[in-house]
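Quick note: the coordinates plus some simple rules give every number you see, no bench work behind them. All figures in this text were calculated on a predicted structure; none of them were measured in a lab. Glycine gets a Cβ as well: all are built from the backbone with ideal geometry, and neighbour counts include every protein chain shown.
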Amino acid sequence: MTGMGFGQAADETGGTLTKATFAGGCFWCTEAVYAELKGVKSVTSGYIGGQVPNPTYKQVCTGMTGHAEAIEIEYDPQVVPFEKLLEVFFTTHDPTTLNRQGADVGTQYRSGVFYHDAEQKRIAEEVIAKLNAARMFPGRIVTEVTPASTFYPAEDYHQDYFANNPFQPYCQAVAAPKVEKVRKVFKDLVK
């Protein structure tokens, strides 16, 4: 694809799609949140940031592979810019807890922005600095900002998990409130 930067592809209408990769706890929740947004073409649950090639869910759950549960978003930045994706990210999880989101504990649940280019890195660092300066959270943000490494899609049963299992107890307790929050706070962005 000549002329496109790393992490970009053309969509069927000729527009440019870009990738964003975030870890914000359980990928069932983060995937459900971003699936709601205009300009988001696809959201894939998976694993990033570890040392084991092609890890399984069972391996990642041990916390021994170094991977984070993450999502890879393919989106149109003309419709939803990276800054907006970050705004949703920081609104829908606790970026101040190290290796933890609620009852989910371990390095696989860490908060992370895995940038695909220097611009994403710059924007993520600026957003974090502004949020910290404004004391938007009760503690300092511990979200890691690191280069995107190989992203391994999770097993098929994890894809679209919330959409396929809306009444599963974890989804009702954790994912549903996040989706509802996005629908209220970011109603202009919802499909």
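Observations, loosely collected:
- Taking each of K19/K184; K38/K121; K84/K181 in turn, the alpha-carbon distance tops 18 angstrom for K19/K184; K38/K121.
- Amide hydrogen proximity for A70: with H placed 1.01 Å from N in the peptide plane, the residues at 5 or more positions away or on another chain lying under 5 Å are G46, Y47, I48.
- Per-residue 3J(HN,Hα) values for region 30-38, derived from phi via the Karplus relation 6.51 cos²θ - 1.76 cosθ + 1.60 with θ = phi - 60°, read 5, 4, 4, 5, 6, 5, 7, 8, 4 Hz in sequence order (x marks Gly and Pro).
- Here, the chain is characterised by an Rg to Rh ratio of 0.94, where Rg is the alpha-carbon radius of gyration and Rh the Kirkwood radius.
- Highest-first packing order for the peptide set 23-36, 61-74 is 23-36, 61-74, based on the mean count of other beta carbon atoms within 10 Å.
- Cα-centre dipole for the chain with unit charges at Cβ (Lys and Arg positive, Asp and Glu negative), debye to 20: 600
- Highest-first arrangement of 81-92, 140-151, where packing means the average Cβ count within 10 Å: 81-92, 140-151
- Ratio of the Cα radius of gyration of region 87-191 to 2.2 N^0.38 Å, where N counts its residues: 1.17
- By the helix-only formula, in which each DSSP H run with n ≥ 4 contributes -39500 (n - 2.57) and the sum is divided by residues, the chain has a 222 nm mean residue ellipticity of -8000 deg cm²/dmol.
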